[in-house]
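Structure first, commentary second.
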Amino acid sequence: MLEYTNSVIDTTSKFICNSRPRRFGKSITADMMTAYYSRSLDTEEMFEKLNIGQAANQKIQDEYQTADS
């Protein structure tokens, strides 16, 4: 989901619907995305060992204003 979001974040397709059944992790997905994009958290070390940390478009990590920052 992060890789797809990174690929469309500065395009006209930047609005993403996260529809999942009840109790299937919508909040945890939103929390993960907030942690990834938030400027107030230094998450590079957290994500560097994961596939998304190796992705070419990973440079936008820690770049956006989020609700917690």
task: Among what's in the range 2-33 and is under 13 Å from the mean Cα position of the chain (by Cα) and β-branched (Val, Ile, Thr), pick the residue that is nearest to Gly53 (Cα to Cα).
output: Thr5
task: Under 6 Å between Cβ atoms, at least 6 apart or on separate chains: pull out the pairs that start in the range 1-26 with a residue that is in a loop (DSSP other than H, G, I, E, B) and end on any residue that is of a type in the set (D, E, K, R).
output: Asn18/Lys26; Arg20/Lys26
message: Anything in the range 1-15 that is more than 21 Å from Met46 (Cα to Cα), loosely packed, with under 12 Cβ neighbours inside 10 Å and not charged (D, E, K, R)? List them, or say none.
response: Thr11, Thr12, Ser13, Phe15
Search result, residues across the range 34-43 that are under 20 Å from Gln54 (Cβ atoms) and either more than 12 Å from the chain's Cα centre (by Cα) or among the acidic types (Asp, Glu) (or both): Leu41, Asp42
- prompt: Is it the case that the range 47-54 has a residue that's assigned to a helix (DSSP H, G or I) and modelled with pLDDT of 75 or more?
  reply: yes
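The values are calculated or read from the model by the stated rules, or taken from the named source; none is laboratory data. Fair warning: this is a prediction, and the values are worked out from it, not measured in the lab. All Cβ positions, glycine included, derive from the backbone under ideal geometry; neighbour counts span all protein chains shown.
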